[in-house]
Structures are given as C-alpha cells and as structure tokens.
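Here is the structure we will look at, set down as structure tokens.
The values are calculated or read from the model by the stated rules, or taken from the named source; none is laboratory data. Note that the coordinates shown come from a computational prediction; the quantities given were computed from them, not determined experimentally. So basically every Cβ, Gly included, is an ideal-geometry build from the backbone, and we count neighbours across all protein chains shown.
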Ligand SMILES: *Cc1c(COP(=O)(O)O)cnc(C)c1O
C-alpha cells in the first residue's frame, strides 16, 4: 500500500513559501500534503471550539479559554499528521529509536507548533480579527518544566529534530504532576513554590488508558527447581503500581512527521486497594494509594547532583518498566513473541544513567516472562542499548545502595550480580588476569560499609555505544572516566556534539532575525542551518549590519520592558547586555562574574568621573533547594544589584538584574536580546553546554573558557569574534596536580582582594556584616575547587576587551553576524544525524497522506 509510494513530494515541498500563499482556496492541499487553513477557517475553528469544546463564547471567554480553543484548533492539524505518521510506520514495520529520559524540558508548545505547521501568521491574523493579541494569548500557556536544565532541554530539542527528520521514534519519560519548582525571590533570597503546570489541564496531552501498564515492586525471589533439575527464579512482588500513559504529539517542521512523547503517570491498582478495603482498612488503602501516586508527583530539583533516595530510584524504575513493557507490546503486535528481529527493530537510548534500570528490566522480561536463555537475552540487550554520558562530576555519577535494591527490586539485583560476574570473570579476567584492583575498580558493585550499585558501569557494560556530548568531553570520558572500559572496548566510545533546534531557538523566538535569514538564505534555513553561512558575506555590508543590529536593538527594547515588569529596574537598551542564564552551580562560576562586577563597581567609585561602556549584567538561575552556597550566590547577586542599581554616583553606567524563575519561555525572551553570552565554566567541567549555541545563533558574542562545546563554537565562528580567557583543561589539571593555593592569588592581586574583602562588610547588606561571607570562605578557606581566583585576572582582561570592541559598533556588528551565520553545526538536526549514522542506524520515512 503506502510503503513503496511514500517517496512523493515531501522532499521537494521545502521550497514552497506556504505560509503566505495559503489564504485563498478552501481546500488548499499544499505540496507537502499538509493542510493549511485560511484565516476564515481558523477563526471558525477557534470560535467553534470556544463554544462546543469549552462551553463558552467569544463574549465571555477568559484568556485561558481563548488559549485552549486555539490549542484545540492547532491540534486538529497535529492529530491528522499523527495518525498519518503512525500508519506509515506501522505499515512499514520500521526500526525506531526509543529515547528514554527522566527529563523533557519542553517549555511552551503553542508558538512552536504553529511555526512548525507554518500557520503562525494565519493564526495571528485570525486572532487579531477576533480582537486577541497573539503574544498575550501565548503568554497564558504554562511552561512544561519537566526537567532541570540542559539535559532535559536537549531531550526536547532531539524530539523536535526526530519529528522534523522523519525518523521513527518515541520519547519516554515521567508525567510529573509538579515540574521544576517556580522560583520566587523574597528579600533577595530564592523561595521555591510548587509548579503545577497542568492544574487546569494541559490541552496538548492525550491520555491513552488502553496502553496502561502494571508494574511490580518489592517482595522476594523464590528459587524453583523444575522436574528436569533446572533452576528458575520466581519474583513475588509485594505490590503492583499502575502506569497510565499521557501522549504529547510533537510535530516536525512543515509537519514532516509527528513524534510522540509518552509520559507515565503512577496510580494505585484497584486490585490492591480491594484487599485492604475488604479488611476494613479504608484509611490504610487511601494511604497506600497516595504512596503509589507519589511516584510521579514531583521532579527532583537537582541538576548534576545525585539524590540517592528511594523515591527517585522508584521513579526511574517505574518509567523504565512501563516504557519497556510498552516497547515489547508494540513489537509483539507484529512479531508475536519471536525475538529474533527485536534488535533489528529497536534501539534504546539512555539519556544519562537515570534510565539504567531498563537494562536489568529488559533482561528480566526476556528471561522470566518470555522464556529466553541468559545468553540470548544478553545478546539482545547489548545490541539494543546505547548510553549518553552527560557529566564527569563525581557527585553526579549515580550510585544506589544495594539495600535499596534488595527492598525495591530484588530480582533486578540478582540480574545485576550475574551481569557483573560474567563481566569480571570474562572481559576483565582476560584483559588483566588475577588483577583484583582492576576487578574492584570496574565492578558494578562498589564494596564498602554500604555496598553500592554503580549505574554508569552497568551502562557501559551493557551498551553498544557510549557517547559524550562534545569533542573534549568525549575525550575525557574515554581517557579519564572510563579508561579501562575503553581499553576493553575501544570502538564502543564515540562523540555526538549536542545541538539545539533552530525552529524554537531562532525561527520562533527571534522573528526579526528569522526574517533576515529568509531574505539571505531562503526559507529552508530552519531545515538546513548550514545555509545560514550565506549571511556571512553580509557582515561586510554596512546596510545589512545596521538592519541586523536594529533587530538586536528591538529585542533589547522588548527585554528591557520585561525586566522593568519582572524586576522593577530601568535598564537602557543602548547599554551592553551581558547575560549569564543557566542553573546555578559552582562549576558554572556565576560568582566569578559577580567578582568582576564588584571590581568594576569599585573602579567607578574610586574615580567618579570615569566613563565606561554602559553595561547591564543579567542573571537568571535556579539553585537546587538544598545547595546552600548556590542559594547564597543568588542572594549576593540580588543584594549587590540592589546597591549598585540605586547608586547615583555611577550615573547608570552599571546595572545588575536577577530575573526570577528562569525557564524555557524566559530564555526565549532573554537570549535574542543578548550582546554577550557568559560561558565561563572551569575548563573540563561543562560537558557541552547548549545555551552557548542558542546565544551564538542569535548573534551574541561568547565570553567563555575553552570548555565543552565553546571550543567547537569558537572553531566555527573564529576566536577573533569572541572572547576566550582562562585556563585550559590541561592547565587546570596541571595546576591542581601541582597544588592550587587560592591565597596566592588573593594576596597577589589587590583588585581581587578588595572585591573579596567587600563581601565581609555590610556594604550590600546594611547592618548584617558577614551575610555574603560564605562565598569568600568557599574561595579561600575551602580551597576554591573550581579555580575562580586562578581565572579572575584573565576574565577581567577579557571583559576589558569586550568593552573595547563594543565601542566599535561596526566591528561588533560584524562579529555578531559571523557568529550567528556560523552555527550550522549546532542544529540538533546535525546531532540527530550523527546518532542515526553512528549509533541508531535508522531510516527516515516520508509520511503518507492517506490512511
Ligand atoms: C538551554 C537551557 C539550559 C541549558 O543551559 P546551559 O547554559 O547550557 O547550562 C538550561 N535551562 C534552560 C531553560 C534552557 O533553555
């Protein structure tokens, strides 16, 4: 049927300037067979949904109701395409990737879906005719903040690219009731508030009760001996948890295909409650129910630190077990429990170690439930899984106490022991015969007073590929994190440099710049970001430079208004906007930035006549609620900002703002308005970074260290168009090996010394001397683990170079254009193609138009 004929038009359609040409025919079936409604049709659809789906009218509808009606109208197009996609994949029995991630930081979907379906302008006109402003309407949508930061946002960009590139795929994760906490700032301090993103329902998601799963937990394992003498392990779980799937369809650019994000919600099983009810335990039953439902209640707010809590392990197991059962169910629809082609149909990507438990769970399903032998099951497992490492930080490498496994997953623990025995007695013994030190180091089990399961070791042993997320990071993974594993399996290790979707991070969030790209690169640039290089020669064109910087200026005006609204601070759009937005972490060194601000403020106070380039330092960052020093840094930024912003002596030349509740929708407003992108992690600690890519695409210049993807960004855009400073990875390691002493830098640099000493006074916290001292103590008494003081002088020097270049408006504009035009490599489409060619071996499928 559709299989051989699906080549058709989808590849040629890219050239059709659809968005503008649609508003004539009622049944305009455009070249890529994606339906484009007219303005009239859209108006009709929205008002019909207002009345018939929501039960209100144009006169009474609240802003929220308007937004919901628009979503329903857009969803008609999405669902049509979803059905077509699923039909195409089913009828071709396609190989697919299953992307397992504990986090998907989706943000808002409305503008993105409208842009990807190329109906934004139509919808905007339709709404305008109905008297609604599209920007205000879209601000009604709560962010889907089901992630902490970079790792979760990466998963979201990858889903967008998978859909755009038409690869059969599905994202699996957790349906958290509460996403990452909402951050409020009170008295300068972070206060965490719950984020109930779907309190009034999320109109994008669809519940699929027919695909509910039941997941066993706890209990014990019984060894049964069959009449033929073979042993069989029988797990008697203590109880069952129900997993209910919620699907969020993600539509690719121009409706190329639709990838589903399937998120599991935990519920109590009825059967379980019945027993307790019958015993008269109504309250107990409710408590048990509450416990089951706790599993998907809340996202752990730690970024790059491990939680080590029973509930977190339960969450990981729960979503992996639901996902694997779902994968097996779908596979068996076509293959009827014949597992010989399982590995050729299925790839499973583990986004960090959070979904590692999928490895022993798949072993268990194949052996205990499907009757495969150990060897047959292990062969499948090692062909199916691949693992992405995201960090070298020791505090982020997951380890779970063995006793937690004994209580929650006794059967999985046995399987892990057996995998370990095979590995230690096999590969390790062959490579290093009789070497107990190597055995201890490589074992999945860490011995000690509290025995631990090392999830990363399990991942490496079970995966056919292990990748890092930028060239330098992948090298460190191979050479420093897993050198022995790399010696055993040299071909297993590879690199896939991260990327971000240009649909969200350029087309949707920066329409002014997108329009310039339409002019110089043609309208297909969101599919071929390399074609943005066509803008590079325009860096030499004075008219074009002006237009480019006019777009930047307009974005800065809009951000200034937002800052006024959110922080109550007036900032001048003509000032240099210097931005650091990302999770708050010592390795990201927001405090290095802050020390520079103190030194600059000090310079201005020392010489009141001094004139500098007016600068606005913009921060946005959430701190893990238990990370005291990170929260102290937020407090310091706010208190220092307060003092500086109200000091008339410096004549508005310097402003410092902390924008509360940094999240995807804020990033979309901040990044297009940035002049400087602060990417100042200690070299060797930021695996890749992805905001660095978003900023460069939008024409900011990077002020950064040679770390993560900064190295590759600068290689594309030129060091001369950015500001590189600080120790390299090798220099950091040498300095640490030699013995780093932060006091040497403190004593030798009077500028640094006075900035640090200022923190001990009550200058920024009147009457409360010492309120900011913890930062100084961490940098001196506690050894400055991230070499802030060692990099200070070089950072300060780089800032002076920034100021110098900013004075030369033409030089700056040239650099900004070249940066933006050089980011082709950092489209997540390129990353996905790398995964496809080096790891997943997928084929893309043009979506057929008819069922
Ligand atoms: C891109 C992004 C991140 C990652 O930022 P890094 O600077 O690479 O750590 C974090 N949070 C949000 C909301 C993002 O959009």
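More than 12 Å from the ligand (Cβ to nearest atom) and out of contact with any helix residue (DSSP H, G or I) (no Cβ under 6 Å at 6 or more places or on another chain), is that true of residue 675?
Values: more than 12 Å from the ligand (Cβ to nearest atom): yes; out of contact with any helix residue (DSSP H, G or I) (no Cβ under 6 Å at 6 or more places or on another chain): yes.
Yes: the conditions hold for residue 675.
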- Being assigned to a loop (DSSP other than H, G, I, E, B) and out of contact with any strand residue (DSSP E or B) (no Cβ under 7 Å at 6 or more places or on another chain) is the filter; apply it to the range 622-636 and report the residue that is surrounded by the fewest Cβ atoms within 10 Å (Cβ to Cβ). 626
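Residue 683 - would you say it is more than 28 Å from residue 722 (Cα to Cα) and within 16 Å of the ligand (Cβ to nearest atom)? Outline the logic, then answer.
Details: more than 28 Å from residue 722 (Cα to Cα): no; within 16 Å of the ligand (Cβ to nearest atom): yes.
Spelling it out, it is not the case that residue 683 is more than 28 Å from residue 722 (Cα to Cα) and within 16 Å of the ligand (Cβ to nearest atom).
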- Hey, does the range 597-618 have a residue that's surrounded by 21 or more Cβ atoms within 10 Å (Cβ to Cβ) and either in a loop (DSSP other than H, G, I, E, B) or within 15 Å of the ligand (Cβ to nearest atom) (or both)? yes
- Message: Tell me yes or no: at least one residue of the range 794-805 is part of a loop (DSSP other than H, G, I, E, B) and under 22 Å from residue 697 (Cβ atoms).
- Response: no
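In the range 687-701, how many are near the ligand (Cβ under 7 Å from one of its atoms) and in contact (Cβ under 8 Å) with a residue 40 or more places away in the chain?
4
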- Task: With the condition kept exactly as written, say whether any residue in the range 123-145 is at positive phi, away from the ligand (no atom under 16 Å from the Cβ) and surrounded by 21 or more Cβ atoms within 10 Å (Cβ to Cβ).
- Result: no
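Would you confirm whether or not the range 755-763 contains a residue that is in contact (Cβ under 8 Å) with a residue 60 or more places away in the chain, out of contact with any strand residue (DSSP E or B) (no Cβ under 8 Å at 6 or more places or on another chain) and more than 23 Å from residue 784 (Cα to Cα)?
Scanning the range 755-763, I find at least one residue that is in contact (Cβ under 8 Å) with a residue 60 or more places away in the chain, out of contact with any strand residue (DSSP E or B) (no Cβ under 8 Å at 6 or more places or on another chain) and more than 23 Å from residue 784 (Cα to Cα), so the answer is yes.
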- Being away from the ligand (no atom under 12 Å from the Cβ) and either over 26 Å from residue 599 (Cβ atoms) or in contact with a strand residue (DSSP E or B) (Cβ under 6 Å, 6 or more places away or on another chain) (or both) narrows 726, 704, 718 down to just 718
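Considering only residues that are in contact with a strand residue (DSSP E or B) (Cβ under 8 Å, 6 or more places away or on another chain) and either under 20 Å from residue 835 (Cα atoms) or in a loop (DSSP other than H, G, I, E, B) (or both), which ones fall in the range 328-353? Step through it out loud before you land on a result.
Quick first cut of the range 328-353, residues in contact with a strand residue (DSSP E or B) (Cβ under 8 Å, 6 or more places away or on another chain) only: 331, 345-353.
Of everything in the range 328-353, those that are in contact with a strand residue (DSSP E or B) (Cβ under 8 Å, 6 or more places away or on another chain) and either under 20 Å from residue 835 (Cα atoms) or in a loop (DSSP other than H, G, I, E, B) (or both) turn out to be 345, 346, 347, 348, 349, 350, 351, 352, 353.
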- Filter result (in contact with a helix residue (DSSP H, G or I) (Cβ under 6 Å, 6 or more places away or on another chain) and modelled with pLDDT of 95 or more) within the range 301-327: 313, 320, 321, 324
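Return the residue satisfying two criteria in turn: it lies in the range 153-168 and is away from the ligand (no atom under 16 Å from the Cβ) and at negative phi, and of such residues it is surrounded by the fewest Cβ atoms within 10 Å (Cβ to Cβ).
Keep residues of the range 153-168 that are away from the ligand (no atom under 16 Å from the Cβ), which gives 162-168.
So of that shortlist, the ones also at negative phi come out as 162-165, 167-168.
On the way: 162: 30, 163: 28, 164: 27, 165: 21, 167: 26, 168: 25.
It comes out as 165.
Residues are listed down the side, and each one gets a yes or a no for (1) closer than 30 Å to residue 628 by Cβ; (2) surrounded by 23 or more Cβ atoms within 10 Å (Cβ to Cβ):
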{"site": "524", "(1), (2)": "no, no"}
{"site": "547", "(1), (2)": "no, no"}
{"site": "550", "(1), (2)": "no, no"}
{"site": "554", "(1), (2)": "no, no"}
{"site": "579", "(1), (2)": "yes, yes"}
{"site": "587", "(1), (2)": "yes, no"}
- Do you know which residues across the range 196-213 are surrounded by fewer than 16 Cβ atoms within 10 Å (Cβ to Cβ), in contact (Cβ under 8 Å) with a residue 12 or more places away in the chain and not in a loop (DSSP other than H, G, I, E, B)? 206, 207, 209
- Message: Out of 425, 375, 368, I need the residue that is free of Cβ contacts under 8 Å to residues at least 12 places away in the same chain, more than 30 Å from residue 476 (Cβ to Cβ) and in a helix (DSSP H, G or I). Which one?
- Response: 375
